[in-house]
Amino acid sequence: MELIQPAIGLIFWMSVSFLLLLFILRKFAWKPILKMLSDRETSIAEALNSARKAKDEMANLKADNERLLNEARAERDRMLKEARDTKDAIVAEAKSKAQTEANKVLQQARETIQTEKLAAITELKNQVATMSIEIAEKILRTELGNDEKQKALVQSLLKDINLN
């Protein structure tokens with residue numbers, strides 16, 4: 001029963017030793033322990049904030065990378081379109097110039113052919129005229145070679161003139 005009901009002296013000395021231990025712990029141990037706990041809590045909070053900031057920065061960097069990649073793709077597409085348009089314009093211009101040159105050459109050939117044709121026709125007319133004159137001259141020489149035929153021709157021409 002003594003253990004169930006301790007003596008007053010024992011309670012007194014236990015209380016004194018508990019209070020002394022409490023005083024010593026409070027004086028020397030609790031402040032450093034609480035300071036360490038506070039420091040640890042602060043460092044954990046700072047680490048969480050840093051991790052959150054790093055996560056946000058990574059998200060921003062990822063978004064920036066995506067934006068830059070999209071801009072680069074758009075720029076590439078624009079440059080390719082410009083190159084295609086330039087190529088098409090150059091090809092169209094070359095075709096137009098070639099068509100113009102071909103039309104010029106064709107027109108010059110037509111003009112040359114027309115000129116040569118007219119020259120040939122003129123030459124042919126000249127030759128026909130010369131030949132006609134020569135033939136007429138030969139016919140007239142043979143027809144009008146004697147005086148009687150000349151007089152008959154003059155008489156028939158005069159009759160034609162009087163009749164008209």
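The values are calculated or read from the model by the stated rules, or taken from the named source; none is laboratory data. As the structure is a prediction and not an experimental result, all values here were calculated from the model. Note that we place each Cβ from the backbone using ideal geometry, even for glycine, and neighbour counts take in every protein chain shown. Heavy atoms of the whole protein, side chains included, go into the accessibility calculation; ligands, DNA and RNA do not. Shrake-Rupley method; radii C 1.70, N 1.55, O 1.52, S 1.80 Å.
Being of a type in the set (S, T, N, Q) and surrounded by fewer than 10 Cβ atoms within 10 Å (Cβ to Cβ) is a property that residue 99 lacks. Of all residues in region 1-19, those being open to solvent by 100 Å² or more (accessible area, probe 1.4 Å) and at pLDDT 85 or above number 5.
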